[in-house]
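**Student:** Pasting a structure here, questions to come.
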Amino acid sequence: MSFFLTSSPFIARRLFLGRSGFMLSGAAVALLAGKEALAAGAGAADPRDVQILNTALGAELEAIAAYQLGAESKLLQKPVLDLAVTFQGHHKEHADVLAKTIEKLGGKAVVAKATYNFPVEQLKSQADVLRFAAKLEQGAVSAYLGAVPLFGNRDLAKAAASILGDEAMHWAVLRQALGEVPVPSAFMA
Amino acid sequence: MSRVGPLIAGAAALCVAVSAGAAPDALRGEQLYARCQACHALAVDRVGPHHCGLFGRLAGSVPEFSYSPAMKNSKIVWNDKTLDRFLAQPLKMVPGSTMTYDGVQDAKERADLIAYLKHVNDTPECAKAPEKKAWAKKP
């Protein structure tokens, strides 16, 4: 049964969260990411790794703001609204893990911008918001895919791949909510 | 919201100019551009700078966008050739760039992306870009 079809938002949220239980927790990912860096000491960090994490953090902070815009738009109806808030929560966890890891590596984490440029004038319906979010999630999957091979530290690559998996699920679920084929191809690029 | 119609016309025009087998496909380029949209948009700056007005622009020159020193000092002018090289391996061409992306390895995909970015520059969406607004203010 799709949680989009269930009559109770509470049940839908429980179903969704229950099915998300197999994902690594933010703390687990942080542990994965930070273990080697802590052992090696901050001075040993690859500056490129720190930059990759900071670019990812910038995108995560923007995604958080985008979901906030969607949640406050009054265009999202339950259970889709709950879904957006849940996905925003994931992005918050990603951002938290990334920022902490950057600091562990001796870098300076970027902070959220005071304002973001979103196409507010184009968001007139729930479908518009979902389509906008889906586009960001799809781009995020590609961005992480393009970042994973660049890491010098394989633990960090693994942590980034874990986030990639989560964002790919977001994209698929958003497509499903839009009535589109949730997984349009066997490979991502 | 779809730009498919104008893109088909643009792609058709490109097909006339270049032999059919090798013609960059702006329509395919639009689909490929989805990969860029975690960080970029056409008309507004996001994690990365906007892409409207890209061709002929000096790298690192969008006002108020915070670039890496590496990009700001690169002296690259964006054109087909430089964009193709950058998209293939961004960090090889500009070490220290914040565009920490492995690149688009497929040459045809890069050509399609470039065709799309060129085409879209003449569409209403890019009329909203900061450069276009600035140009509109000039006498």
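The values are calculated or read from the model by the stated rules, or taken from the named source; none is laboratory data. Keep in mind the model is a prediction, meaning the values are calculated, not measured. For neighbour counting, all protein chains shown are included, and Cβ atoms are generated from backbone atoms with ideal geometry for every residue, glycine included.
**Student:** Anything in segment A:170-189 that is touching a residue at least 40 places away in the same chain (Cβ under 8 Å), of a type outside the set (Gly, Ala, Ser) and crowded, with 19+ Cβ neighbours inside 10 Å? List them, or say none.
**Tutor:** The answer is A:His170, A:Val173, A:Leu174, A:Arg175.
**Student:** May I ask you to say which residue of A:Ala65, A:Ala127, A:Ala40 is at pLDDT below 95, surrounded by fewer than 19 Cβ atoms within 10 Å (Cβ to Cβ) and aliphatic (A, V, I, L, M)?
**Tutor:** Going through A:Ala65, A:Ala127, A:Ala40 in turn, the sole match is A:Ala40.
**Student:** Within segment A:140-153, can you find the residues that are part of a helix (DSSP H, G or I) and in contact (Cβ under 8 Å) with a residue 24 or more places away in the chain?
**Tutor:** A:Ala140, A:Val141, A:Ser142, A:Ala143, A:Tyr144, A:Leu145, A:Ala147, A:Leu150
**Student:** Now for a separate question. Go over the candidates B:Ala59, B:Ala129, B:Ala107, B:Ala43 one by one and state the one that is surrounded by 14 or more Cβ atoms within 10 Å (Cβ to Cβ), at pLDDT 95 or above and on the phi < 0 side of the Ramachandran plot.
**Tutor:** Only one candidate qualifies: B:Ala59.
**Student:** Return the residue satisfying two criteria in turn: it lies in segment A:81-114 and is over 15 Å from the mean Cα position of the chain (by Cα) and buried (at least 23 other Cβ atoms within 10 Å of the Cβ), and of such residues it is farthest from A:Lys135 (Cα to Cα).
**Tutor:** Only one residue tops the list, namely A:Leu105.
**Student:** Additional query: Considering only helices (runs of 4 or more DSSP H) fully contained in segment B:26-139, which possess at least 2 residues that are within 13 Å of chain A (Cβ to nearest Cβ)?
**Tutor:** Numbers: elements: B:26-32, B:69-72, B:80-88, B:90-93, B:107-120, B:124-127, B:130-137.
Correct list: B:26-32, B:69-72, B:80-88, B:90-93, B:107-120, B:124-127.
**Student:** Let me ask something else. Taking B:Met99 as the residue in question, decide whether it is of a type outside the set (Ser, Thr, Tyr), at pLDDT 95 or above and under 15 Å from the mean Cα position of the chain (by Cα). Working first, answer last.
**Tutor:** Numbers: of a type outside the set (Ser, Thr, Tyr): yes; at pLDDT 95 or above: yes; under 15 Å from the mean Cα position of the chain (by Cα): yes.
Taking the combined requirement at face value, the residue satisfies it.
**Student:** Let me ask another. Based on what the data block shows, is A:Ser162 part of a helix (DSSP H, G or I), under 19 Å from B:Gly48 (Cβ atoms) and of a type in the set (Gly, Ala, Ser)?
**Tutor:** When the stated conditions are applied, A:Ser162 does not pass them.
**Student:** Now a separate question. Of these, A:Lys113, A:Lys78, A:Lys74, A:Lys135, which one is within 14 Å of chain B (Cβ to nearest Cβ) and part of a loop (DSSP other than H, G, I, E, B)? Break it down stepwise before answering.
**Tutor:** Working: A:Lys78 fails: within 14 Å of chain B (Cβ to nearest Cβ); A:Lys74 fails: within 14 Å of chain B (Cβ to nearest Cβ); A:Lys135 fails: part of a loop (DSSP other than H, G, I, E, B).
None of the others qualify; the one that does is A:Lys113.
**Student:** Within segment A:149-166, how many residues turn out to be within 8 Å of chain B (Cβ to nearest Cβ) and buried (at least 19 other Cβ atoms within 10 Å of the Cβ)?
**Tutor:** Summing the residues that are within 8 Å of chain B (Cβ to nearest Cβ) and buried (at least 19 other Cβ atoms within 10 Å of the Cβ) in segment A:149-166 gives 1.
Residue-by-condition table, conditions (1) without any contact (Cβ under 8 Å) to a residue 60 or more places away in the chain; (2) among the hydrophobic types (A, V, I, L, M, F, W, C); (3) over 27 Å from B:Gly103 (Cα atoms):
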| site | (1), (2), (3) |
| --- | --- |
| A:Glu72 | yes, no, yes |
| A:Gln77 | yes, no, yes |
| A:Asp82 | no, no, yes |
| A:Phe87 | no, yes, yes |
| A:His91 | yes, no, no |
| A:Lys104 | no, no, yes |
| A:Lys108 | yes, no, no |
| A:Lys113 | yes, no, no |
| A:Asn117 | yes, no, no |
